[in-house]
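Asker: What follows is a structure written as structure tokens; I'll ask about it next.
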Amino acid sequence: MDYTGITFKKNDGIATITFNRTDAANGLDMDTTISFMNAAVDCSEDSSIRAVILTGAGDRFFSAGGDLKAFTSMGDQVAQGVKLMTMYLHQAVSRLTRMNAPLICAVNGVAAGAGVSLAAMGDLVIAKESASFTLAYTNGGLSPDGSSTYFLPRVIGMRRTQELMITNRKLSAQEALDWGLVTKVVGDDDLSEEVQKLAERLAKGPTQAYGGVKSLLAETFSSGLEHQMEAEARTIARLISGEDAQEGMRAFAAKERPNYKGQS
């Protein structure tokens, strides 16, 4: 498949999606959003993919979110166009969130608008020291999309989310770490190596168990205690007879390193 606005590579169980519009701050236009959705579907359907990296090209922008120039070029059809773009974008978010493989967001620069939304959805978020985060929607008279109103209150809390969305406060990478928006901050020159090492480790891990964790955590804020414990019981019972769990228990008993090969 041909991809526009992104690059999509798969190697040794690791898929890498890179926003690749450096002349437009790695922003999202219609073609880029469609390509992003197609890559996300591929990641969720290809059982050989055991970890996914999402990042931006260059060293300045992760993604500035929606390309406002692309919006204005739609003229009278802008409302219809934005609805289509959000449909594609939200399908990509859903696929990447629901797949078993862990998603690592490597924030290599400025994340703005939907760029923050996409960073917040990561299972693990690694940012370089010079990265920054700002929602910026209301600066343009707009409201958030891309899942930020779902993930941010869960990740950083409602009050901090309100501040980011209403005042458009800019967070440094260290502030984002302190707030819990990112998992780890690394030196600018270390981001690629750190993320690759993490992806390689996860790609050798128990992918089915990772999927169980992701599924359970996705439900926790909408479930009561008994419902959540029932989901836990069903998930662990389903996993325990699978290849990953059998290998993990065998290796533990034998005091060996497990060799996970279960499908994602």
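Asker: Subtracting the Cα-Cα distance from 0.36 nm times the residue separation, let me have the gained length for L217 to A253 in nm, one decimal.
Answerer: 10.1 nm
Asker: Further question: For the chain, what does -39500 (n - 2.57) per DSSP helix run (n ≥ 4), summed and divided by total residues, give at 222 nm, in deg cm²/dmol to the nearest 500?
Answerer: One gets -15000 deg cm²/dmol as the mean residue ellipticity at 222 nm.
Asker: Ignoring everything but the protein chains, give the 1.4 Å probe accessible area of E163 in square angstrom, nearest 10.
Answerer: Taking all protein chains as shown, E163 has close to 70 Å².
Asker: Which pairs, out of K10/K255; K9/K184; K9/K197; K10/K261; K214/K261, put more than 22 Å between their alpha-carbon atoms?
Answerer: Beyond 22 Å: K10/K255; K9/K184.
Asker: Sticking with this one: Under 8 Å for C-alpha pairs, at least 6 residues apart: give me the relative contact order for the range 96-237, rounded to a whole percent.
Answerer: With pairs under 8 Å counted, the relative contact order is 28 percent.
Asker: Same structure again: Name the residue from S241, M30, P144 whose Cα lies farthest towards the positive end of the charge dipole of the chain, charges +1 on Cβ of Lys and Arg and -1 on Cβ of Asp and Glu.
Answerer: S241
Asker: Let me ask something additional. Grab the Cα-Cα distance for K261 and E129, subtract it from 0.36 nm times how many residues apart they are, and report the gain in nm with one decimal.
Answerer: Contour length minus the Cα-Cα distance gives 44.0 nm.
Asker: Expressed as a rounded percentage, what relative contact order does the chain have, with Cα pairs under 8 Å and six or more residues apart? Don't skip to the answer; put the middle values down first.
Answerer: On the way: 501 pairs, mean separation 45.3, N = 264.
Relative contact order here is 17 percent.
Asker: Also, I was wondering about something else. Please give the net charge around D31, taking every other residue with its beta carbon less than 11 angstrom from that of D31, where Lys and Arg add +1 and Asp and Glu add -1.
Answerer: -2
Asker: Determine the distance separating the Cα centre of the range 146-212 from the Cα centre of the range 40-102; give it in Å without decimals.
Answerer: Using only Cα atoms to place each centre, the spacing works out to 17 Å.
Asker: Sticking with this one: Full-extension gain between Q196 and D46, please, as 0.36 nm times their residue separation minus the C-alpha to C-alpha distance.
Answerer: Additional length available on full extension: 52.0 nm.
Asker: As an exercise, use a Förster radius of 35 Å and the Cβ-Cβ distance of T7 and T183 to find the FRET efficiency, rounded to the nearest 0.05.
Answerer: 0.90
Asker: Quick one: what do you get for the range 1-143 if you divide its Cα Rg by 2.2 N^0.38 Å?
Answerer: For the range 1-143, the normalised Cα radius of gyration is 0.99.
Asker: With a cut-off of 8 Å between alpha carbons and a minimum separation of six or more residues, what is the relative contact order of the range 128-207 in percent?
Answerer: Relative contact order of the range 128-207: 39 percent.
Asker: For K69, go through the lysines and keep the ones whose alpha-carbon is under 17 Å away, minus same-chain ones fewer than eight residues off.
Answerer: Output for K69: K83.
The values are calculated or read from the model by the stated rules, or taken from the named source; none is laboratory data. Everything numeric in this text was worked out from a predicted model, so none of it was measured. Neighbour counts are summed over all protein chains in view; Cβ atoms, including those assigned to glycine, are modelled from backbone coordinates with ideal geometry. Protein only, heavy atoms only, side chains kept; ligands, DNA and RNA dropped before computing areas. Shrake-Rupley method; radii C 1.70, N 1.55, O 1.52, S 1.80 Å.
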